[in-house]
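In what follows, a single structure is set out as structure tokens and then discussed.
Every number in this text was worked out from the coordinates using simple rules, so none of it is lab data. Predicted model, so just to flag it, every value in this text is computed and none were measured. Please note: Cβ atoms are built from the backbone with ideal geometry, for glycine as well, and neighbour counts cover all protein chains shown.
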Amino acid sequence: MDYSPILGVVTAGFEIIVAGWALMGLRRTLGERRVVWTTSAVLVLLAGYQIAEVVICADVAAAGFLPRLAFIIVTWLPPLGLLLIAQLRRPRSRATYASAYGLFAAAAGIVAWILIDGSFATASVCNAVYARYSHVMPWFRIYAWYYWAGLLGMALLSGYGAMACPDDRRKRQLTLLFGGTLAFVLPSIAVSWFVPETRGALPSILCHFALVLAICLARLLVLERRQAKESEHLAAEAQ
């Protein structure tokens with residue numbers, strides 16, 4: 001089946017629009033700017049992968065550096081996810097911040113490796129709405145361990161943070177992040193496992209199912225904007 005870019009384009013468009021809406025709101029509202037910036041960065045990176053894949057699948061033979069660029073883009077998602085969790089957690093958790101910064105350091109090393117190693121990833125075929133990549137083993141397993149450790153950390157820390165958080169708004173936001181993480185990881189694994197044609201396409205499948213995560217992040221940003229407006233209203237009344 002020929003590759004169709006429609007899903008990727010629509011998904012990227014939604015993610016870019018939400019990120020743009022959130023960043024424009026920074027000019028008018030107080031809010032928690034760190035949360036808005038980090039959430040927007042996640043959305044932009046998700047959109048960046050979608051766009052890269054669409055361009056790759058337009059001409060796989062001429063993809064060149066683009067498959068490696070796609071992996072560079074998604075490399076930053078797990079540490080940004082952990083950073084967002086750390087920013088949302090109440091009370092503040094130094095351990096969560098340390099985990100995020102440690103994963104950022106690992107991500108920087110992996111990105112340097114991808115830039116140097118021209119054989120890290122090549123696009124082998126595009127089918128329907130996903131791309132399948134080829135990698136040199138066993139080195140790619142290091143990347144897989146890094147990525148899955150990051151996603152597992154996002155699920156565990158957001159889930160624990162939601163249960164332990166005394167702040168109702170932050171609890172709801174952490175719950176959204178927890179649910180969004182599970183809602184794109186578990187179906188991706190299931191599809192990769194039960195649909196043989198998608199074997200080797202898990203990175204692509206993950207990013208398509210991450211539309212669910214993007215919707216949860218959009219709701220997270222709505223809650224942040226609402227709180228900012230309420231704070232501004234109370235501040236105006238107090239003057």
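Quick rundown of the values:
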item	result
Net charge of neighbours whose Cβ lies under 14 Å from the Cβ of Leu174, counting Lys and Arg as +1 and Asp and Glu as -1	+4
For the stretch 77-226, convex hull volume per residue from C-alpha positions, Å³	113 Å³
Nearest-0.05 FRET efficiency for Ala144 and Leu223, computed from C-beta distance (R0 30 Å)	0.35
Only Lys, Arg (+1) and Asp, Glu (-1) charged, at Cβ; the chain dipole about Cα centre in debye	760 debye
Estimated FRET transfer efficiency when R0 is 35 angstrom, pair Arg172-Val55 (beta carbons, to 0.05)	0.40
Positive-end residue, the chain charge dipole about Cα centroid, Cβ charges, pick of Ala149, Gly200, Ala47	Ala149
Cα centre as origin, Lys/Arg/Asp/Glu Cβ charges: the stretch 1-122 dipole, Debye	940 debye
Sorted by Cβ neighbour density within 10 Å, fewest at the top, the residues Cys216, Cys207	Cys216, Cys207
Ordering of 168-181, 100-113 by packing [mean C-beta count within 10 Å, highest first]	168-181, 100-113
Length released on extending from Ala128 to Leu7, taking residue separation times 0.36 nm less the Cα-Cα span	42.6 nm
Cysteines without a disulfide-compatible partner [the chain; Cβ-Cβ under 4.7 Å]	Cys165, Cys207, Cys216
Kyte-Doolittle at least 1.6, axis length at least 20 Å by Cα - qualifying DSSP helices, the chain	6-25
For the chain: relative contact order, % (alpha-carbon pairs under 8 angstrom, 6 or more apart)	23 percent
Descending Cα extents along the principal axes, the stretch 1-158, whole Å	49, 36, 25
